[in-house]
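Here's the structure, in structure tokens; my notes come after.
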Amino acid sequence: MLSNHLHNGIEAPKLAWSRLPNSEDGEPDTVGLVKKSDESSIDSLDYEVIENYAYRKEQAQRGKLYVGYYVMVKWFFALLIGIGTGLAAVFINLSVENFAGWKFALTFAIIQKSYVAGFLVYVLINLVLVFSSVYIVTQFAPAAAGSGIPEIKGYLNGVDMPGILLFRTLIGKIFGSIGSVGGGLALGKEGPLVHTGACIASLLGQGGSSKYHLRSRWLQIFHSDRDRRDLVTCGCAAGVSAAFRAPVGGVLFALEEVTSWWKSQLMWRVFFTSAIVAVVVRTAMGWCKSGKCGHFGSGGFIIWDISDGQEDYSFEEFLPMAVIGVIGGLLGALFNQLTFYIAYWRRNYLHKNGNRVKIIEACLISLITSIISFGLPLLRNCSPCPEANPDSGIECPRPPGMYGNYVNFYCSKDKEYNDLATIFFNTQDDAIRNLFSAKTIHEYSAQSLLTFLVMFYSLAVVTFGTAVPAGQFVPGIMIGSTYGRLVGMFVVKVYKKLNIEEGTYALLGAASFLGGSMRMTVSLCVIMVEITNNLKLLPLIMLVLLISKAVGDAFNEGLYEEQARLRSIPLLESRPKYQMRKMTAKEASGKRVISFPRVVKVADVVSILRSNNHNGFPVIDHARNGETLVIGLMLRSHLLVLLQSKVDFQHSPLPCDPKGSRSIRHTISEFVKPASSKGLSIHDIRLSSDDLEMYIDLALFLNPSPYIVPEDMSLTKVYNLFRQLGLRHIFVVPRPSRVIGLITRKDLLIEENDDSASMELQSTSDAVGK
């Protein structure tokens, strides 16, 4: 039975779907509560195969040659996704590095004469870059704001939100990331790269963008939400692989963090896509080493090689490492809670005042960030350079800018450096390299690290949620590596061992904060190992991740789950709620079900579609003895196609014979909703009075085999079935009166004959009870 109390007729548990908004521009009234109206802004995706007569006819006409061609096309699309995402990542990194390089080079040249003039130039460049980013997002691509990971996670969970995978969103994400990251805000470009990869995959899957006349018929092959979901999964993994140069980490990120459904064939294609991205990025970096890319190359992609760091660790170091994990869990949970409250206030109060307020807010935060990053190092006294160590390869001092420790900033002597400027007046990637660097003991004072930690943590909290593309990976690494280095300084001072490196503790701090905030474990562990090129630290990274995640889970959910809850994205998490164990499917479903007869009058169809927003309707028929039979499920989108085409209208109210002479006038592709729009609406269809008096036989177009559960099945089992199969509807029916068969494992083992292409089932005469 379809529930009239659940949005769109979805038989998901009420608790998981209670936050589903019903208004196109509806905003939450309070946390977890949403305004309701007649139209829906969030729809569900049809991942289930609709096995109607059109589908079965097409499947019967397809031979082995077509199946092989279909598989090869999927691999070809995986190749295109990898190349496209890799090129987009190269373009973003090249632009960010060059903008940042020019900014710091110009500022440093001016401050040799006047620090005031240098400060004004520094602030102005940052303002221009941030203004360009927020203007692009607010005026051109509103869906490009934020990291995009909660939205993509919702999409792969079965929730469709308009605008998140459009061509303009892709453009806004790319150029918005360049402006926001190049402008020095306390955010990163790694989260937006995941969204960028997903957009590229979706656009390829639908053959391009029809609105901007960038469409190719050669690419219009995949028409189902199921196939598009697989492509978007490849795009997510490609984004992580491009952001961190971590192909294995990208695969695990897609598996652990964003997908709720997985299969081995998809694993191979995702791995192939990530490998292609790694090849594209490495090729671009090799080409840029010749100096053809301007400032790009010295900073380049994220790769903090600490293979020359701490060689070994002792048992007594596990205690301070565990402390790092606890600190990461506490600070990560606090970060999630603060960003949730501030983003909630923005969403419900500040940003409702229009785009002008969003632009002013972003520019104001840019101004504050510039003042802090430029002004605080001026208040810090410079320190004398340590004695030169030929083995370290580190020169003191180095000018501020692209790469190097020991930045000379506002120092009276040549052989001095400003430790606060080394991490503040620098790009985030280079600042992290400095914090991770080995053989630089006593480079930073505890006072400078504490100052940076407090100020940058505050800036990251305030910046996250502004109307610009914003990732949280790199700011999280910055925060964690700062307090990790502080703990490392304490360990060096107490234990007094020569082999202890502060940079190693900085790495563990970075892992702990990301684990405490994002709650990732396996994928994050592999990413940290790949970007640091030090496998020896794997057990330590695993330790701090487990501790930080456990501590963080004691307080709240992960960052992406909190943001999804704020945006009212009805995610079905991996585990059902405890209350569902005591509930049944009947209790979760409603009592009133809207259904259609097999042959229905067009006027009745229009009336029902106008009166509710359900997306699935049971279709009933009557046997000769008068017994009511449920013969299938009819989707709203399919009904709208039939009403729009009118070719299946008939004058007679009698059912037609599906196996008779009547041909099927539709293909599967006609019933698929476009990925870039909401598809047909009942208000878009024009019918004459004569059309309304006609009839439609729904037997040819319904799904004759929907998933069915008995009314007394526990809601926990329904939840797991719904989520793991990616369903949109489940029928709840009374307890069946008889059993016509029993399927066991042996019945599902299929053998292929050597002499023919036909398939036959193994004998199951003795299968019952096995």
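What list of ³J(HN,Hα) values in whole Hz, one per residue of region 143-155 in order, does the Karplus curve 6.51 cos²θ - 1.76 cosθ + 1.60 (θ = phi - 60°) give from phi, with Gly and Pro shown as x?
6, 7, 6, x, 7, x, 5, x, 5, 5, 4, x, 4
If you count only protein heavy atoms with a 1.4 Å probe, what accessible area per residue comes out for region 99-210, rounded to a whole Å²? Please report the intermediate quantities before stating the final value.
On the way: 3180 Å² over 112 residues.
The answer is 28 Å² per residue.
Could you order peptides 569-580, 412-423 by the average number of other Cβ atoms within 10 Å of their residues, highest first? Show your work: numbers first, answer last.
Working: 569-580: 16.6, 412-423: 19.7.
Sorting 569-580, 412-423 by mean packing, highest first, produces 412-423, 569-580.
May I ask you to order 315-321, 521-527 by the average number of other C-beta atoms within 10 Å around their residues, highest value first?
Numbers: 315-321: 14.6, 521-527: 21.7.
So the peptides 315-321, 521-527, ranked by packing, come out 521-527, 315-321.
By accessible area of protein heavy atoms, probe 1.4 Å, what ranking do His351, His223 get, highest first?
On the way: His351 35, His223 70 Å².
The most accessible residue leads, giving His223, His351.
Beyond 25 Å between alpha-carbons counts as too far, so tell me which of Lys189/Lys292; Lys497/Lys536; Lys263/Lys746; Lys289/Lys415; Lys549/Lys586 fall in that bin.
Details: Lys189/Lys292 23 Å; Lys497/Lys536 19 Å; Lys263/Lys746 21 Å; Lys289/Lys415 30 Å; Lys549/Lys586 36 Å.
As for pairs spanning more than 25 Å Cα to Cα, those are Lys289/Lys415; Lys549/Lys586.
Using mean Cβ contacts within 10 Å as the protection proxy, how do 466-478, 729-741 order, highest first? Mind dumping the intermediate values first?
Numbers: 466-478: 27.5, 729-741: 12.6.
Descending packing order for the listed peptides: 466-478, 729-741.
Share of region 120-205's accessible area from carbon and sulfur, percent, 1.4 Å?
76 percent
Can you sort Ile221, Ile685, Ile441 by 1.4 Å-probe accessible area, starting with the largest?
Numbers: Ile221 35, Ile685 10, Ile441 60 Å².
If we order Ile221, Ile685, Ile441 from most to least accessible, we get Ile441, Ile221, Ile685.
How many angstrom lie between the Cα centre of region 613-627 and the Cα centre of region 511-539?
Distance between centres, Cα-based: 53 Å.
From the square roots a ≥ b ≥ c of the eigenvalues of the alpha-carbon gyration tensor of region 507-657, which class results: rounded (a/c under 1.5), prolate (a/b over b/c), or oblate? The partial results should precede the final answer.
Numbers: a/c = 3.73, a/b = 2.84, b/c = 1.31.
Verdict is prolate for region 507-657.
Accessible area per residue, 1.4 Å probe, Å², for region 586-635: what's the number?
Details: 2530 Å² over 50 residues.
Per-residue value: 51 Å².
Taking the Cα-to-Cβ direction at Ser458 and at Ala322 and moving 7 Å from each Cα, how far apart do the two end points lie in nm?
Modelled inter-label distance: 3.4 nm.
In whole Hz, what ³J(HN,Hα) sequence does region 133-141 give by Karplus (6.51, -1.76, 1.60; θ = phi - 60°), x for Gly and Pro?
Taking θ as phi minus 60°, the curve returns 5, 5, 5, 4, 5, 6, 9, 10, 9 Hz for region 133-141.
The values are calculated or read from the model by the stated rules, or taken from the named source; none is laboratory data. Everything numeric in this text was worked out from a predicted model, so none of it was measured. Virtual Cβ from ideal backbone geometry, glycine too; neighbours counted across all protein chains shown. Accessible surface areas use protein heavy atoms only, side chains included; no ligands, DNA or RNA. Shrake-Rupley method; radii C 1.70, N 1.55, O 1.52, S 1.80 Å.
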